[in-house]
Amino acid sequence: MSVTIEFGLDTFGDVTHGADGKPLSYAQVIRNIVEEAVLADSIGIDFFGVGEHHREDFAVSSPEMVLATIAGRTQRIRLGSAVTVLSSDEPVRVFQRFATLDATSNGRAEVILGRGSFTESFPLFGFELDQYQQLFEEKLDLFTKLLPQQPVTWNGMTRAALKDQRVFPTVEKPPLRTWIGVGGSPESVVRAARYGLPLMLAIIGGDPRRFAPYADLYREACTKLGQQLREIGMHSPGYVAETDERAREELWPDYKVMRDRIGAERGWPPMTRAEFDQEADRGSLYVGSPETVARKIAASVKALGVQRFQLKYSAGGLSHEKLMRGIELYGTKVVPMVRELLAAT
């Protein structure tokens, strides 16, 4: 059976460590991300995503700038955000920036819109957290009205109204490919269907099969709302090495530091090695040899019926050299194995 599926990589721009064990500069991390994307393009990966954050442990606050640099060094790989925090941004400017990226990349740009899992951007840009829901809903509504590239009339409570306003530059071959990133809210799933946008499921913990009802809900909502059924994708963390043991031993120290740092802010207890191994065995951590990771990805893709799988390949201080090796194994070993496994079912 022929199965069409896209395979992506994404990074949050984690501040990685050098050979001396010390954090690299933000500038060097960003330059390394460009090299990682160039490698991904050279081995046939379909998509490369860069996240937006505004905190000390991540280097990228402006994904479009990094992606534009990558566009000039690559030929075919699609380039997008992972995610753009629309709630604390300006929808018109977001559209303009990605329309510009689409031009410089010769039509390879896409954007994943979401609320993000951190809130630092709200006070940084002068937004109130008590408007968390309203900001996203209104700004998403405006953004979707920009996609047809026709004069826009819009009004809301969170920004100035527009009347018969055109926005430039336009996308050469519209519409700009736009996804909605969802972390597990049924309301967000239905919202994506209502606007007729593809759905990206952020699955970062637990059995990935527990998200199957969200994929089903999206399909049902598209049908009920009379919308064309769009793609469903999934994003999960992982790391590939030559053997299962090597992958776990290399990832565990940096993954724990990252997870515990974020967990301390959110009231989570420190992660134990047993929890890590459970996520690797039965959860949403795709870590191991190429065959192990491929079998796990294939099982998740079939269970959820998705059309794209994105691996978040970076994790805390895990070095650029290890990330490059993991990317190469993902593109040259894992992806072909997954395609074979899916074709055989």
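The values are calculated or read from the model by the stated rules, or taken from the named source; none is laboratory data. Worth saying up front: this structure is predicted, and the values here are computed from it rather than measured. Positions of Cβ are generated from backbone atoms using ideal geometry, with glycine treated the same way; all protein chains shown enter the neighbour counts. Ligands, DNA and RNA are stripped out before the accessible areas are found, and what is left, the full protein with its side chains, is counted by its heavy atoms. Shrake-Rupley method; radii C 1.70, N 1.55, O 1.52, S 1.80 Å.
Sorting M258, M337 by accessible area (1.4 Å probe), largest first, what list results?
Details: M258 25, M337 65 Å².
Order by accessible area, largest first: M337, M258.
Quick check for me: using +1 on Lys/Arg Cβ and -1 on Asp/Glu Cβ, what's the dipole size of the stretch 129-173 about its Cα centre, in debye to the nearest 20? Spell out each step's value before the answer.
Numbers: 6 positive and 6 negative charges, 43 e Å.
It comes to approximately 200 debye.
Non-local amide H neighbours of V83 (under 5 Å, H modeled in plane, Pro and chain starts lacking H): which ones?
Residues meeting the amide H criterion: E52.
So, counting K/R as plus one and D/E as minus one, what does the shell of residues with Cβ under 12 Å around A299 add up to?
Details: positive: R209, R282, R295, K296, K302; negative: D207.
So the surrounding residues net to +4.
What is the dipole size for the chain, taken about its Cα centre, with +1 at each Lys and Arg Cβ and -1 at each Asp and Glu Cβ, in debye to the nearest 20?
Numbers: 41 positive and 45 negative charges, 183 e Å.
Approximately 880 debye in magnitude.
Write out the GluC sites (Glu not before Pro) in the stretch 82-128 meeting two conditions: DSSP loop, and at most 11 other Cβ atoms within 10 Å of their Cβ. Write out the running numbers ahead of the final one.
Working: sites: E110, E120, E128; in loops: E120, E128.
For GluC sites (Glu not before Pro) across the stretch 82-128 that sit outside H, G, I, E and B with at most 11 neighbouring Cβ atoms in 10 Å, the list reads E128.
Please report the relative contact order for the stretch 220-345, taking Cα pairs under 8 Å with a sequence separation of at least 6, and give it as a percent rounded to a whole number.
Details: 149 pairs, mean separation 47.3, N = 126.
For the stretch 220-345, the relative contact order is 38 percent.
Can you tally the net charge around K224? Count Lys and Arg as +1, Asp and Glu as -1, for every other residue whose Cβ sits under 14 Å from the Cβ of K224. Mind dumping the intermediate values first?
On the way: positive: R191, R194, R219; negative: D216, E220.
So the environment of K224 carries a net charge of +1.
Quick one: helix 273-282 against the long Cα principal axis of the chain, what's the angle to the nearest 10°, folded into 0 to 90?
Between the helix axis and the principal axis of the chain, the angle is about 70 degrees.
How large a share of the accessible area of the stretch 28-175, in percent, is made up of carbon and sulfur atoms when the probe is 1.4 Å and the other protein chains stay in place?
51 percent
Could you please report the charge total around D57, scoring K, R as +1 and D, E as -1 over all other residues with beta-carbon less than 13 angstrom from its beta-carbon? Kindly include the intermediate steps, with their values, before the conclusion.
Details: positive: R55, R259, R261; negative: D14, E56, E120, D254, D260, E265.
Net charge around D57: -3.
With a 1.4 Å probe and every protein chain left in place, work out the accessible area per residue of the chain in Å², rounded to a whole number. Numbers along the way, then the final one.
On the way: 15040 Å² over 345 residues.
Per-residue value: 44 Å².
Trypsin sites (Lys or Arg not before Pro) within the stretch 255-305: which are DSSP loop residues with at most 10 other Cβ atoms inside 10 Å? Working shown, then result.
Working: sites: K256, R259, R261, R266, R273, R282, R295, K296, K302; in loops: none.
Those that pass, being in a loop and sparsely packed, number zero.
For K256, list the lysines whose Cα falls under 24 Å from its own Cα; do not include residues on the same chain fewer than 8 positions away.
Reachable lysines: K22, K296, K312, K322.
Just to confirm the number: angle between the C-alpha axis of helix 91-104 and the first principal axis of the chain, 0 to 90 degrees, nearest 10?
60 degrees
Quick one: which of 64-74, 154-164 comes out on top by average Cβ neighbours within 10 Å, and what's the full order, highest first? Let's see the in-between values first.
Numbers: 64-74: 19.3, 154-164: 12.2.
Averaged packing, sorted descending, gives the order 64-74, 154-164.
Picking from N32, G8, A343, whose Cα lies most toward the positive end of the charge dipole for the chain (charges on Cβ: Lys, Arg +1; Asp, Glu -1)?
After comparing all options, I get A343.
Which value at 222 nm does the chain reach when only helices count, each DSSP H run of 4 or more adding -39,500 (n - 2.57), with the total divided by all residues and rounded to the nearest 500 deg cm²/dmol?
Numbers: 12 runs with 148 residues, N = 345.
Result for the chain: -13500 deg cm²/dmol, rounded to the nearest 500.
Which whole-number percent is the relative contact order of the chain (Cα, under 8 Å, 6+ apart)? The partial results should precede the final answer.
Numbers: 645 pairs, mean separation 69.2, N = 345.
That works out to 20 percent.
Among the lysines, select those whose C-alpha is under 18 Å from the C-alpha of K173, and discard any that sit fewer than 8 residues away in the same chain.
Correct list for K173: K145.
Give me the percent of DSSP beta bridges within the chain that run antiparallel, rounded to the nearest 5. Could the numbers behind the result be given before it?
Values: 4 of 40 bridges.
Taking every DSSP beta bridge with both residues in the chain, the antiparallel ones total about 10 percent.
Just grab the label-to-label distance for Q150 and D281, each label 7 Å out from Cα along the Cβ direction, in nm (one decimal).
About 5.6 nm separates the two model spin labels.
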